[in-house]
Every structure is written in C-alpha cells, then in structure tokens.
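Novice: Encoded as structure tokens, here's the structure I'll be asking about.
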Amino acid sequence: MARLLEEVPGVVLAVFAHPDDPDVAAGGTLARWAAAGSEVHVCLCAEGDKGSLDPAADTARLVERRRAETAEAGRILGVARHHWLGFPDGGLEDGPELIGRIVEVVREVRPAAVVAPDPTAVFFGHTYVNHRDHRATGWAALDAVSPAASNPHYFPGRGPAHRVGEIYLAGTLEPDVWVDVSSTIEAKAAAIACHASQLGGAGEWLRGEVRRRAEDAGREAGVAFAEAFRRVALA
Ligand SMILES: [Zn+2]
C-alpha cells in the first residue's frame, strides 16, 4: 500500500511559478497542514502576466487581478503570507538570479518543508508538455534549498543559512508519498475557483476535475481524496 504522510511540518514554504499553481498542485495538502497548525508560506516566482490569450488584454491589470484572486484563494487555504518575486511569465531561468531570490525567501521563512514542482516531469501522457516556468521553478527551488540556502558561502548577505528538512515535489510522475486531502478537497476546489481570470466558463467542470484527480490519487493511497508527491528527505 502506498505510503500516507501523516506528519505535519511546522513551517512550510511552497515555491511555484504562477499564481494558481500551488492551489492546483498542492492546495489540499497546504490547507490540511494549515488547519493542523502549520505556518504556510507561498512564494510565487512569476506574476501571471501572460495568463490570457486575448491579444488586447491589459497585462498590468491582469497582474493586479491575479494578485487579488491569489489573496482570496490564500485566505481559503489558510496561507500565512505570499512572497511575490515578480518575474514575468516565461522569464524564469534556473540561474543565480532566481535561485538567489528563492534562497532569500527560504532564509527568511526558515521552513521545515519546501513544496515545489517536480522539474523532471516534462510530458504528461501524450497531450501536455509541462510549462517551462514550472520546470525552471522546480530546478531553481531544488538548487536554492540544496545546497545554497544551507551554506553561508552561497549568497552571503541574504540572511543566515537555513537547512530545509524535506522537499515535496508536486506534479510528479514518480510519487512516493500521498497526503489524505479528504477534509480539504472542497477548500482546494474553492481556492482554484478564485482564479476566475484563468477559468473562463470552466468553473463547474474544473470543480469536478479537481475531485476526479484527487479521487484517482486517493485510490492509490486507500483514502477518498489524496495528493501525491515525490519526497526528498535531506540528510
Ligand atoms: Zn503554471
């Protein structure tokens, strides 16, 4: 039977690319941990400025709208604070600039656990190529946590070194731990629904889809609804 994760990290930092990513990838888990007393921080690397296919869209207004949607979703999930890095969509690179900014947040928040996208997941079935920003964010988060944030000689002057205990990679093709999100699946669906700028008229369909995916993961773990992660316990 798949391994169900019961422990609750004291302080959590979720590092994702776009404003709606953490809710889709790990919203049930973040809400469950927050309800159990975790201090949950969310770091968003990109602003969501390209989250529209309308060539006439006012991207500055879109960014503003997405910040408001994200704040509302965060209230539903119990997020303590959002950390916005402000890079443009599509502009994330796994290099010193992004890594340094994430290191700064890690050293400020001092999380026991970091949640991030699995950068090794590229193709989902035959119909979806994982967004470049998701892959870049995953690599940069891994590089920021190990070794950079824990070694004072990396990015000196950006806060005292901090060692993260665990990394949970979401959107993974190789899950090895599952979190029971049966008590927070509705909060997850409600948080995702806050990102109305990204949904068009797909709100109701999406609510069903969120439940279906969590049901599939739950079946593997022997619970009603679950989210799956690849876990790295750093020595
Ligand atoms: Zn995204």
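Novice: Taking amide H positions as placed 1.01 Å from N in the peptide plane, with prolines and chain starts having none, which residues 5 or more places from H83, or on another chain, fall under 5 Å of its amide H?
Specialist: Amide H neighbours of H83, under 5 Å, 5+ apart: V42, C43, L44.
Novice: Net charge near A112: determine it from the other residues with C-beta under 12 Å of the C-beta of A112, scoring Lys and Arg +1 and Asp and Glu -1. Mind showing how you got there, number by number?
Specialist: Details: positive: R110, R163; negative: E7, E39, E166.
In short, -1.
Novice: Checking the a/c ratio against 1.5 first, then a/b against b/c, what shape does the Cα gyration tensor give for segment 1-160? Don't skip to the end; give the middle numbers.
Specialist: On the way: a/c = 1.35, a/b = 1.18, b/c = 1.15.
In terms of gyration-tensor shape, rounded.
Novice: Can you tell me how segment 53-148 classifies by the Cα gyration tensor, rounded, prolate or oblate, using a/c under 1.5 as the rounded cut? Walk me through the numbers before you get to the answer.
Specialist: Details: a/c = 1.57, a/b = 1.13, b/c = 1.39.
Oblate is the answer for segment 53-148, as a/c is 1.5 or above yet b/c matches or exceeds a/b.
Novice: Report the accessible area of R213, computed with a 1.4 Å probe over the heavy atoms of all protein chains in place, in Å² rounded to the nearest 10.
Specialist: 150
Novice: Not counting the cut sites, what is the longest span of the chain without GluC sites (Glu not before Pro) that DSSP labels loop and that have at most 13 other Cβ atoms within 10 Å? Could you put the intermediate results ahead of the total?
Specialist: Working: sites that count: E6, E7.
Answer - 8-235.
Novice: Okay, moving on. Convert each backbone phi in segment 109-115 into a coupling constant with the Karplus relation 6.51 cos²θ - 1.76 cosθ + 1.60 (shift: θ = phi - 60°), then list the ³J(HN,Hα) values in order as whole Hz, x for Gly and Pro.
Specialist: With the stated coefficients, segment 109-115 comes to 6, 6, x, 6, 10, 10, 10 Hz.
Novice: Kindly write out, for segment 213-223 in residue order, the coupling ³J(HN,Hα) from the Karplus curve 6.51 cos²θ - 1.76 cosθ + 1.60 (θ = phi - 60°), rounded to whole Hz, with x marking Gly and Pro.
Specialist: For segment 213-223, the Karplus curve yields 5, 5, 5, 4, 5, x, 4, 5, 9, x, 10 Hz.
Novice: Now for a different question. Roughly how far apart, in whole Å, are the Cα centres of segment 15-78 and segment 99-162?
Specialist: Using only Cα atoms to place each centre, the spacing works out to 17 Å.
Novice: Can you bin segment 167-235 into rounded, prolate or oblate? Criterion: square roots of the alpha carbon gyration tensor eigenvalues sorted a ≥ b ≥ c, rounded for a/c under 1.5, prolate for a/b above b/c, oblate for the rest.
Specialist: On the way: a/c = 2.45, a/b = 1.70, b/c = 1.44.
Prolate, since a/c reaches 1.5 and a/b exceeds b/c.
Novice: While we're on this one: Starting from the amide H of N151, placed 1.01 Å from N in the peptide plane, find each other amide H under 5 Å away whose residue is 5 or more places distant or on another chain.
Specialist: Amide H to amide H, under 5 Å and 5 or more residues apart or across chains, N151 pairs with H162.
Novice: What length, rounded to one decimal in nm, is gained on full extension from E93 through to N151, with 0.36 nm per residue of separation minus their alpha-carbon distance?
Specialist: On the way: separation 58, 0.36 × 58 = 20.88 nm, distance 2.15 nm.
Going from the current span to full extension adds 18.7 nm.
Novice: Could you give the accessible area per residue of segment 96-207, probe 1.4 Å, as a whole number in Å²? Don't skip to the answer; put the middle values down first.
Specialist: Working: 5040 Å² over 112 residues.
Normalised by residue count, the accessible surface of segment 96-207 is 45 Å².
Novice: Next up: Of the candidates A217, A136, A60, which one comes out as most mobile in a Gaussian network treatment of the chain with C-alpha springs shorter than 10 Å?
Specialist: A60
Novice: Among DSSP beta bridges whose residues both lie in the chain, state the antiparallel percentage, nearest 5. List each step's numbers first, then the result.
Specialist: Values: 10 of 30 bridges.
Approximately 35 percent, going by the DSSP bridge assignments.
Novice: With each label point set 7 Å from Cα along the Cα-Cβ vector, what nm distance links A196 and T59?
Specialist: Distance between the two pseudo-spin positions: 2.4 nm.
Novice: When the Karplus curve 6.51 cos²θ - 1.76 cosθ + 1.60 is applied with θ = phi - 60°, which whole-Hz ³J(HN,Hα) does each residue of segment 192-197 get, with x for Gly and Pro?
Specialist: Karplus values, whole Hz, x for Gly and Pro: 5, 5, 5, 7, 4, 4.
The values are calculated or read from the model by the stated rules, or taken from the named source; none is laboratory data. Since the structure is predicted, the reported quantities are computational estimates derived from the model, not experimental observations. Reconstructed Cβ throughout: ideal geometry from the backbone, glycine too, with neighbour counts over all protein chains shown. When the accessible area is computed, the model is the full protein with side chains, heavy atoms only, and any ligands, DNA or RNA have been set aside. Shrake-Rupley method; radii C 1.70, N 1.55, O 1.52, S 1.80 Å.
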